[in-house]
Amino acid sequence: QFFVFCHGLLQLSQLLVSGYLKSSISTIERRYGLSSQTSGLLASFNEVGNTLLIVFVSYFGSRVHRPRLIGCGAILVSLAGFLMSLPHFITGPYEYDQSVASTFSNTTDLCQPGAPAPWANLSDASCTPHASRENHEVLLVMFIAQALLGIGGVPIQPFGISYIDDFASERNSPLYLGILFSVTVIGPGVAFMLGSAMLRFYVDIDKVGAAEVQLTNKDPRWVGAWWLGFLVAASLVALSALPYFFFPREMPKEHLSIHNWCPLVLPGFPVVLLRNLRHPVYLLVVLAQVNICAMVAGLATFMGKFLERQFSLTASLANMIIGAVNIPGAMVGIVVGGAILKRFQMSLRQCSALCVLGMLLCLLTAFPLLFLGCPTQKVAGVTYWDSSVFGHHDMECNAQCHCPEKGFNPVCGSNGVEYTSPCSAGCRNVNIHTDNSVLNYTGCTCFAGPGPTGFARPGTCGTGCSHLFVPFVVLSCLAGILASTSHTPSFMLILR
């Protein structure tokens, strides 16, 4: 029972490291200019080292000192967590378009006909080489860290599960595994909650004073302290690894006798592998788990970003929703699945039926989610054009405004269309509050208002479908509960 507690704590900490990356993926994209394709590859790269070694290492599960090997793997996971935070310390401070921040300081981002372009002395060529080199260094460090995370995680789950199953009775084993998986699920939940907390702090909190930061966490240019959570998670993994170096190689069984110890025989590995691959039940369960893991990996990586874009949420709020609703729902499903197994003492055929029933109900519940999307936001020159617009900077209304090509300070026009800056909307004036923050922009010539010109407010327009947010969260949570009920039965099919 103490081993179950320790292993649940370790897997919680391990998944805190991997889950935290997913909670901060959109922030890391913004900080280092990564595409979703690159960030998705980064988030899944830990599976490379894991996939290459897990079958080979699992074969020697009963032939090695499993607790000590678990401890060594945990040390590698901890090292990977510390490496993930390293890019923050080897790169310079975060720089953003400061032409008009949350406080108004100058007029360079307004339309200024006839005036020399304030951005004329800047070019992409002057900053691209350094930025590219810096991003290459960042990506190299992060990919190495992810590979170490995958390698370190190889012995943790299979050795822990087999250790528990070997020395627990058949009656208690499903309950122990259900508890273990439930505690494990808390890891990603805590990771998203940690991400919600850390991303409220400015990324360079250790480099600049609070007075120098002119952004708020609702500003689209805001970047939170993504690196701070990795330090916390890696420290927890290191502490969780210590007890494993003191567990015995074998424990007294609760009822059954211990299997005879087998010597470390490498030639028998291919035979065992082929025998398992020819077993239809084993193969089908593994294929099912692969598909489930692929689905979960995609959702965990980009669901936060999806909520941010679809429902106009901040990164911290999106993470809080996932960590406080969706992840606990999955935990409830795992507990229910383990409890059903223990209560009814299910056979292998009944375990299979429970898995099928859970996934079918999940499919029926998740199907309506396909229709709970929001319309694409109209962004001038990007997703929206009218008869007079051929490109973002070719509009007649702002042709004389000398707008910066790469300026990004989004505003929402009174016509419901979003513009990447006040200048691109043709706005020539700004109204400010007494605290020097921007109220709105006026004299915008690219769209009509109550008068001959329109006005715009700072920030994005949003998607205007907030009424779909609650149904989306409820259905996704319910689908997660139903799918998770098959988790423990599927593992019992493999073990038995």
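When you check S240 against the structure, is it modelled with pLDDT of 85 or more and part of a helix (DSSP H, G or I), yes or no?
Judged against the criteria, S240 is a match.
Within segment 277-302, which residues are closer than 17 Å to V474 by Cα and crowded, with 19+ Cβ neighbours inside 10 Å?
Selection gives A300 alone.
May I ask you to say which residue of E29, E134 is at pLDDT below 80, assigned to a helix (DSSP H, G or I) and in contact with a helix residue (DSSP H, G or I) (Cβ under 9 Å, 6 or more places away or on another chain)?
E134
Within the group T434, T460, which residue is under 28 Å from the mean Cα position of the chain (by Cα) and modelled with pLDDT under 85?
Criteria check complete, one pass: T460.
Among the candidates T108, T103, T91, single out the residue that is in the same structural domain as Q157 (by TED's automatic domain parsing) and at pLDDT 75 or above.
Going through T108, T103, T91 in turn, just one is in the same structural domain as Q157 (by TED's automatic domain parsing) and at pLDDT 75 or above: T91.
Within segment 153-204, which residues are buried (at least 22 other Cβ atoms within 10 Å of the Cβ), over 29 Å from T301 (Cα atoms) and either at pLDDT 85 or above or out of contact with any Gly (no Cβ under 6 Å at 6 or more places or on another chain) (or both)?
Y163, A168, S173
Residues being more than 19 Å from the chain's Cα centre (by Cα) and part of a helix (DSSP H, G or I): count how many of those fall in segment 218-235.
1
Of the numbered conditions (1) at pLDDT 80 or above; (2) closer than 24 Å to H487 by Cα, L313 fails exactly one; give the number of that condition.
Among (1) at pLDDT 80 or above; (2) closer than 24 Å to H487 by Cα, L313 violates only (2).
The values are calculated or read from the model by the stated rules, or taken from the named source; none is laboratory data. Predicted, not measured: the structure shown is a model, and the values here were computed from it. Don't worry about glycine lacking a Cβ; one is built from the backbone with ideal geometry, like all the others, and counts go over all protein chains shown.
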